Amino acid sequence: ACRGNTGWKPAWRKAEPSGPYDFIIVGGGGHGLATAYYLAKRYGGKRIAVVEKGWIGGGNVGRNTTIVRSNYLLPGNEPFYECSMKLWEGLEQDINYNAMVSQRGVLNLFHNDAQRAAYIRRGNSMILHGADAVLLDAEAVREKIPFLNFNDARFPIKGGLLQPRGGTVRHDAVAWGYARAADRLGVDIIENCEMTGLRIEQGRAVGIETTKGFIAAGKIGLACAGNSSRVAAMAGLRLPIESHVLQAFVSEGLKPFIDCVVTFGAGHFYISQSDKGGLVFGGDIDGYNSYAQRGNLPVIEDVCEGGMALMPRIGRVRLLRHWGGLMDMSMDGSPIIDHTPVDGLYLNAGWCYGGFKATPASGLCFAHLLARDEPHPVATAYRLDRFARGAVIDEKGMGAQPN
Ligand code: FAD
């Protein structure tokens, strides 16, 4: 029994390597843990390990601004993100963990007729793919969030595209929930274990070198987000990915006053309010390549300017904390879930600044690929060779980016 702060049981075992495994997933972020969970649950329960160089929840899965949505336009993207949205809706029951899934709505603001037309088109595409979308005019936005700066000289607010089923999910609970659920299905979660090399024999990956020694595996899945290009280089691969820093910000706690997620693409700013009352917000990536999980001062200024342009009233709010995470920016803004030219080696990468919302579907689709050697039906477009073929899926996603 728990007494005070003693007697707590770990949510998952502290596993040590005991290969050979059928599958090793490199990277214990949201995507790696979800992959292991769905592999164990849906695809035959073989011997599975997740190796993580740090601790569970230390990467982007615990550093993002928690927004989930499926408001995409292109046929390569929308079915995948809607699949993810549906998995979020059943996640807490599925993994038996309170992840604070909150479908409070995601509102993208627009400022002119051209943007309005683009949003109508996107809303229709979403509805055609079974998602939900509602176009709001300026009055309807005003009724919902009266304190926005509607008459800004540069970006007057003309309305917004609302996805009522979008919202937020507590990010680190997703990591802990998937880790616990995967562990209970027998997955070994090996923390403080960094992949340092790949062993290839006769063109086939047979295992990984790690800081805890060699671990043999039948198949290896890379899910290292911001470090994807580094680990792929161990297999001699150069990915169409650059790593950048993205920062997030949380204010002191305030009484509830924003009941949805608002994105202001024109000003590079988006915001929601956590259940604890803190304003959670962010903006653009830092404009240089980096593998460091920390950002720089000019972006803080830029994000705060965006916030003041949209909501002058937050000028007197105090910033409590901020941090940076590592974005694996693909060249068309869309991800890769595919096998690599090395037999037995598979890649899950290129999530840019929008991979949290993809966590369940990414795990499901990567598990499907690893188990069956064919893409899941909702992820057929996410091929590695699409850049060479010119079949790019050019959609940056709707965060703080202008459209
Ligand atoms: P991670 O948690 O980073 O997992 C990758 C893991 O691989 C890490 O734990 C790392 O330590 C490990 N690793 C790396 N190299 C090795 C190695 N050699 N050996 C072993 N392990 C290794 N997305 C949204 O959808 N909505 C948002 O609101 C949102 N906001 C964001 C805000 C910020 C500030 C940031 C930083 C990101 C945001 N994102 C958002 C993006 C999202 O967080 C990421 O795309 C997603 O979390 C990446 O997948 P992951 O969870 O698996 O990554």
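No lab work stands behind these numbers, since they all come straight from the coordinates. In this text the structure is predicted, and so the values were computed from the model without any measurement. When we count neighbours, we look across all protein chains shown, and the Cβ atoms used for this are built from the backbone with ideal geometry, even at glycine.
Would you tally the net charge around E305, using a Cβ to Cβ cut-off of less than 14 Å, leaving E305 out, and scoring K and R as +1, D and E as -1?
Taking every other residue near E305 into account, the sum is -3.
Just to confirm the number: angle between the C-alpha axis of helix 78-95 and the first principal axis of the chain, 0 to 90 degrees, nearest 10?
Tilt relative to the chain: about 70 degrees.
Measuring from centroid to centroid over Cα atoms, what is the spacing of segment 304-372 and segment 209-278 in Å?
Using only Cα atoms to place each centre, the spacing works out to 5 Å.
Just A118, A367, A99 to compare: in a GNM of the chain, with alpha carbon springs under 10 Å, which one fluctuates most?
Most flexible of the set in this elastic network: A118.
Where Rh denotes the Kirkwood radius from the mean inverse Cα pair distance, what is Rg over Rh for segment 16-142?
1.08
For the chain, what proportion of DSSP beta bridges, expressed in % and rounded to the nearest 5, is antiparallel?
Given both bridge residues lie in the chain, the antiparallel proportion sits at roughly 75 percent.
Using label points projected 7 Å from each Cα along Cα→Cβ, tell me how many nm separate A114 and D94, to one decimal.
For the pair A114/D94, the computed spacing is 4.0 nm.
In the Gaussian network model of the chain, springs joining C-alpha atoms below 10 Å, which of G44, G105, G54 carries the largest mean-square fluctuation?
Taking springs between Cα atoms under 10 Å, the residue moving most is G44.
Report ³J(HN,Hα) in whole Hz for each residue of segment 3-20, in order, from the Karplus equation J = 6.51 cos²θ - 1.76 cosθ + 1.60 where θ = phi - 60°; Gly and Pro get x.
So the J values, rounded to whole Hz, are 10, x, 9, 10, x, 6, 9, x, 6, 9, 5, 8, 7, 10, x, 9, x, x.
Under the 0.36 nm per residue contour assumption, what length would be gained going from the current alpha-carbon distance of A233 and A292 to full extension?
19.5 nm
Residue by residue through segment 137-147, which ³J(HN,Hα) values in whole Hz follow from phi under the Karplus form 6.51 cos²θ - 1.76 cosθ + 1.60 (θ = phi - 60°), with glycine and proline marked x?
Residue by residue, segment 137-147 yields 8, 4, 5, 5, 5, 4, 5, 6, 9, x, 8 Hz.
Can you sort C224, C83 from fewest to most other Cβ atoms within 10 Å of each residue's own Cβ?
C83, C224
Using only the Cα atoms, what convex hull volume per residue in Å³ does the chain have?
142 Å³
Please give the Cα centre distance for segment 130-187 versus segment 42-59, rounded to the nearest Å.
Rounded to whole Å, the Cα centres lie 29 Å apart.
Cross-link list K41/K276; K14/K46; K41/K86: which exceed 24 angstrom alpha carbon to alpha carbon?
The answer is K41/K276.
Comparing L87, L39, L347, which has the greatest mean-square fluctuation in the GNM of the chain with Cα pairs linked when under 10 Å apart?
L87
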